[in-house]
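Report on the structure given below.
Just so you know, all these numbers are worked out from the coordinates, no wet-lab data involved. If you're wondering where the values come from, they're calculated on a predicted model, not measured in any experiment. Quick reminder, even Gly has a Cβ in these numbers, built from the backbone with ideal geometry, and neighbours come from all protein chains shown.
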Amino acid sequence: MTSQHDTKNSCQPDVSRRSFLKTGLGGAVFLSTVSLSAGLTGCATAPAGRVSAVDSRMDTRYQFQFLSRDDIALFEALLPAMFAGALPEEPNQRRFAIAGTIERIDQGIVKFGPANQQELRKLFDLLNFAPTRIALARVWSDWPSVSTADADAFLRRWRDSRIGLLNNGYIALTKISNVAFYGHEDHWHLSGYPGPPAWMVDALPQFNPAA
Amino acid sequence: MSMNDPIARGLAAGWNVTDASKLSENRTVEADVVVIGTGAGGGTTAEILARQGLSVILVEEGRLYYQKDFKMDELTSYANLYQEGMSRVTADGAIAILQGRCVGGSTTVNWTSSFRTPDETLTYWSQELGLEGLAPDAMAPWFEGREQRHNMAPWETPPNLNNDILRQGCEKLGYSWQVIPRNVKGCWNSGYCGVGCPTNAKQGALLTTIPGALDHKAQLFHGLRAERLVMSQDRIDHLLASAMGPDGVTPSGIMVTLKARQFVVAASAIGSPGLLLRSQLPDPYQRVGKRSFIHPVNATVARMPAKIDPFYGAPQSIYSDEFNFKAGTDGPAGYKLEVPPLHPAMAAGVVPGHGQPQRDNLGQLPWMQSVIALLRDGFHPDSPGGTVSLRDDGSPVLDYPITDYLWQGLRKAYLTMAEIQFAAGAEAVQAMHLDSDWYTTWNQARDAINNLPMKPHRARLFTAHQMGGCSMGTDPKTSVVNGFGEHHHIANLNIHDASIFPTSIGANPQLSVYALAARNSSRLAQRLANSA
């Protein structure tokens, strides 16, 4: 699985295969088949599989089924902005919370099924491919070097854009992240949700299989 | 597992249930009737036909989940029990689609609201669309029968505060409100209907008609996707279906061929047109997939001075029809007002935002109250609905353009909901819209909402009710099936789900589906008995 990472620099999308979709506003373009050509060349969009604990703080037992190394880097850059004020301050806990959220994003996407996976593949690829990242997201450096302030500025730009397609990208990114983060037991306290009532958990057979 | 659970007990007693992910080779099976889909329509059909002594096979793409799996956890439930892992949206992504994908279909995850089809809707169908057999008087016994079967009755426990705010606001403003009938038996009033009822109180298809059918020797395949109905001359000869692998979403490559003399499609208003289109069945007037309706939903949230705890208690118990038919059945867009439950993942997915503002918003969840408006689409000429078509991979997708007529209704609904929340004492109200701030007075909210851009993506829209796409009618030029769900062009094909509704309902549709499926299945049973 690590070989995917090692060779990713050689996997540039084939520029000649790109197709352009005009959105009708200011000549902005959407590279609809970056993902297809990148996928055909093999590597950058392959699921990351198991990721080394050393460089990512990921749970090495977790097997990524959809997110690629580049996608993981994208979320590592976005989530500190996405959850400003909500992530733990302590560095290790913070990395752990981010990594766990990215794993749950991956788990969720697996159940989305092929059609919506393909939509997300397009979205992530255009955010990971430098020319489209610069043209559409106005993010000038690779995601690992993007500051939290710059990631926040990017999210605001897409939220406030007059281009519906970019609003939709904002909704897609925030929705899958928000659900994976705030929806998880570790973060219920942030929304004041006490969880399923203890008296029900005590009384119900599905929580007490031996009974 | 507790043997008090009827599903566990039935499986132990030898119900004929096959998990298609466990199949290791292709196979062919045969019955009198193959029913595709196990939701409100499919379950009802299977039980009625099986009780008549017909051999029935039920086919369900989702998996069989029951009490042992219902652990009040949002993330696993949304991933496993909902279509596309809760990520289903319309073609342009502007409307989120909540729809079940499991044995019992959406009835396994709905919020138990059980309304008869409004008289206004039935009158419109019978008088304007020529469906005379569906007049209110003719349908009343079918509603009554299904109300008994599913234990539907107005909720007698006091509403939770989330719902009571809607009542209080309506009272203050002189708007009508009523108590919602629910299909529950021994309900614990816990609030987890949407993630699979943990206590077996909900009387959806999973605990009523499906066990009823299985007790009468029906066979159930779950994790099996209906791919194509295959014709031989002028009849459906068999259904070709593909087994899902253990993950429930990836086909394993195993195929099952299902032969029968009668086929009933009940795969939902998105799934049924999808199956008919994939099968390339006769459709001379290109009606399949057209006129799809969704009760477009928008929402406001309020911050209340008192704790609401919107995650606990029966999720829906109060509604208002003040604005539903006020301007006439086919006047400006009417809407039904209800309340949604707010658990953290649902709230975080529905409330758009990021960063500190999002954290602050969600931090108020225990004090948050929400109202939703369900627009009654499909009655006015400027509300022609959407279209279901196939993606390249054969999966169905709904394109639903929002017309100016609907945008006007949505803006009016935002206004009504904010007005009601302020009348009930809200400290602040926010429209679920990318351009909405928190408003602290009704005057401020009214001025701001009147200036919100009504545009896709900026207004956050949802649907939990998919209807139409295989419309019933008397004229084959404008419909797919007749008033009994019988296909206009194929003698041994019926459609028994919400896809046959010629308009939206104007109320949560489960009882409409149950009742129509019961009526049409009784007729089908008689026909099959006569031809045996």
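Neighbour counts of C-beta atoms inside 10 Å place B:290, B:259 in the sequence B:259, B:290, starting with the fewest.
Protection proxy ranking, highest mean first, for peptides B:14-23, B:337-346, A:101-110: B:337-346, A:101-110, B:14-23, where packing is the per-residue count of other beta-carbon atoms within 10 Å, averaged.
The ranking of B:126, A:145 by Cβ neighbour count inside 10 Å, starting from the fewest, reads A:145, B:126.
A protection proxy built from the mean count of other Cβ atoms within 10 Å ranks the segments B:391-402, B:85-96, A:171-182, B:319-330, most packed first, as A:171-182, B:85-96, B:319-330, B:391-402.
Normalised radius of gyration (Cα atoms, divided by 2.2 N^0.38 Å) for the protein assembly as shown: 0.93. With neighbour counts taken as other beta-carbon atoms within 10 Å, the residues A:189, B:222, B:488 rank, fewest first, as A:189, B:488, B:222.
Against chain B, whose longest principal axis is taken from its Cα atoms, helix B:136-149 shows a tilt of about 80°. Note on residue A:111: lysines with a C-alpha under 27 Å away, same-chain residues under 8 apart excluded, are A:8, A:122, A:175, B:22, B:68, B:71, B:202. Taking a straight line from the alpha carbon of residue B:455, these lysines sit under 18 Å away, with near neighbours fewer than eight places off in the same chain left out: B:412.
Calculate how many DSSP beta bridges within chain B are antiparallel, expressed in % of all such bridges and rounded to the nearest 5. Antiparallel bridges make up about 65 percent of those DSSP assigns within chain B.
Calculated mean residue ellipticity at 222 nm for chain B: -8000 deg cm²/dmol, from DSSP H runs with n ≥ 4 weighted as -39500 (n - 2.57), summed, divided by the residue count and rounded to 500.
Between residue B:427 and residue B:185, the FRET efficiency from the beta-carbon distance, with R0 = 41 Å, is close to 0.60. Over all directions, the projected convex hull of the C-alpha atoms in chain B averages 22.8 nm² in area. Taking every residue in A:79-90 and counting other chain Cβ atoms within 10 Å of its Cβ, the average works out to 3. Our summary gives region B:85-222 a relative contact order of 29 percent, counting only alpha carbon pairs under 8 angstrom and 6 or more residues apart. Couplings 3J(HN,Hα) for region A:139-154, derived from phi with the Karplus relation 6.51 cos²θ - 1.76 cosθ + 1.60 (θ = phi - 60°), are 9, 8, 10, 4, 3, x, 9, 7, 6, 4, 5, 5, 5, 5, 4, 4 Hz, where x marks Gly and Pro. Put a dot 7 Å past the Cα of residue B:455, heading toward its Cβ, do the same for residue B:26, and the two dots end up 5.2 nm apart. Taking the longest Cα principal axis of chain B as reference, the axis of helix B:161-173 is set at about 60 degrees. Please state the relative contact order of chain B as a whole percent: Cα pairs under 8 Å, 6+ residues apart? Worked out over chain B, it gives 23 percent. To the nearest 10 degrees, how steep is helix B:40-51 against the longest Cα principal axis of chain B, on a 0 to 90 scale? The answer is roughly 30 degrees.
Under a 5 Å amide H cut-off, with hydrogens placed 1.01 Å from N, residue B:160 pairs with B:314 among residues at least 5 apart or on other chains.
Sequentially through region B:273-284, phi angles give Karplus couplings (6.51, -1.76, 1.60; θ = phi - 60°) of x, x, 5, 5, 5, 4, 7, 6, 6, x, 8, x Hz, Gly and Pro residues having no value and appearing as x.
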